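Q: Sharing a structure with you now.
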Amino acid sequence: DDLMGQHNCSKDGPTSQPRLRTLPPGDSQERSDSPEICHYEKSFHKHSAAPNYTHCGLFGDPHLRTFTDTFQTCKVQGAWPLIDNNYLNVQVTNTPVLPGSTATATSKLTIIFKSFQECVEQKVYQAEMDELPAAFADGSKNGGDKHGANSLKITEKVSGQHIEIQAKYIGTTIVVRQVGRYLTFAVRMPEEVVNAVEDRDSQGLYLCLRGCPLNQQIDFQSVRSAQATDGRARRKGPSPPAAPEAFTYETATAKCREKLPVEDLYFQSCVFDLLTTGDVNFMLAAYYAFEDVKMLHSNKDKLHLYERTRELAPGNGAPSRPTPALWVALLCLSQCWLCLL
């Protein structure tokens, strides 16, 4: 629809879907003679250190796991940049889940792969609610006509629900899903590519790297505690007139435990989303987000996160408090000192 509007195309009369570019016979895989520079991992020689991979994911209402394994729940309504470096740009648009509620979820995703040497031409991928294409905006499924075009490919895993984009020339894998009406995003990217930016100071809103601004973050654990104490669901903002289903804390917990048996932050996010939206699809979004973490995260010891982390701006660090164990130790020492006196 966007392209038809840009080119003043009439919607009257017969129309046809964009034709997918066909590859030469035997070219379904990456060309064996493609330049070494178009395969990130192969460009590392035996004496070089292996690349360090990082992960970022966005799902649900929405919950963000950054490249540094910081976990945040954010408002971020409207369009926000997730990734912005020398190789690609990713932007998401989050819209209210229910009228009158501040609960938001990702309704649109745009990925721009920038032209790279002899490997790929610039390619744009765009997904929206109820439209998860298995091709780039121009109808192609690879990086174009350049020699290393197949170092960028789209694969449809489940029609209309799950696609995977392999960008081998930058060692990157992107997973996009539609769960219910909304989209989830997950990426595996080398640290070198993450930090490939010309001006780091201009990237304050790069969510996957810097996290959400402090004024956009929600402390969902405190909300969850209040909900558990009250024993009933509370919603963010004015209560909408008709939620798909009303969950209590107990029923939301039981529902999330069906798919997420470990009570980590993904489980807690699931409970929070069911309470704020009443939409059981958000349980599936949390489940698939964790499945993507298992597939994409390079450090299997960091799959589960249990404590909400929050990036503080310089100078905003909270003063440290002695732990309970330290208080006990200090008390014992003081008693011993009194005995000696």
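Q: Of the residues K157, K153, K123, which single one is open to solvent by 60 Å² or more (accessible area, probe 1.4 Å) and at pLDDT 95 or above?
A: Selected residue: K157, the only one of K157, K153, K123 that is open to solvent by 60 Å² or more (accessible area, probe 1.4 Å) and at pLDDT 95 or above.
Q: What tally of residues in region 183-204 results from selecting those that are open to solvent by 20 Å² or more (accessible area, probe 1.4 Å) and either at pLDDT 95 or above or assigned to a strand (DSSP E or B) (or both)?
A: Final tally of qualifying residues: 1.
Q: Kindly establish whether L207 is crowded, with 20+ Cβ neighbours inside 10 Å, modelled with pLDDT under 95, within 21 Å of Y266 (Cβ to Cβ) and under 17 Å from the mean Cα position of the chain (by Cα).
A: yes
Q: Could you identify the single residue in T104, T110, T70, T66 that is assigned by the TED database to the domain that holds D145, farther than 22 Å from L296 by Cβ and either in contact (Cβ under 8 Å) with a residue 12 or more places away in the chain or in contact with a Lys or Arg (Cβ under 9 Å, 6 or more places away or on another chain) (or both)?
A: T104
Q: Something else: Is it the case that some residue within region 154-166 is within 23 Å of E36 (Cβ to Cβ) and outside any strand (DSSP E or B)?
A: Within region 154-166 (the criterion being within 23 Å of E36 (Cβ to Cβ) and outside any strand (DSSP E or B)), the answer is no, since none of the residues qualifies.
Q: Is there a residue in region 80-100 that is surrounded by fewer than 22 Cβ atoms within 10 Å (Cβ to Cβ) and at pLDDT below 75?
A: yes
Q: Name the single residue, out of those in region 24-56 being under 25 Å from L209 (Cβ atoms) and at pLDDT below 75, that is least open to solvent (accessible area, probe 1.4 Å).
A: Checking each candidate, the answer is S48.
Q: Let me ask something else about it. With E156, E121, E128 as the choices, which residue is under 17 Å from Y182 (Cα atoms) and not aliphatic (A, V, I, L, M)?
A: Unique residue meeting the criteria: E128.
Q: So, one more: Contact list please: Cβ distance under 8 Å, first residue in region 258-271 and in the same structural domain as D61 (by the TED database), second residue in a helix (DSSP H, G or I), pairs at least six apart or on different chains.
A: none
The values are calculated or read from the model by the stated rules, or taken from the named source; none is laboratory data. Since the model is a prediction, treat every value here as computed from it, not as a measurement. No Cβ is skipped: glycine too gets one built from the backbone with ideal geometry, and neighbour counts run over all protein chains shown. Ligands, DNA and RNA are excluded from the accessible area calculation, which covers all protein heavy atoms including side chains. Shrake-Rupley method; radii C 1.70, N 1.55, O 1.52, S 1.80 Å.
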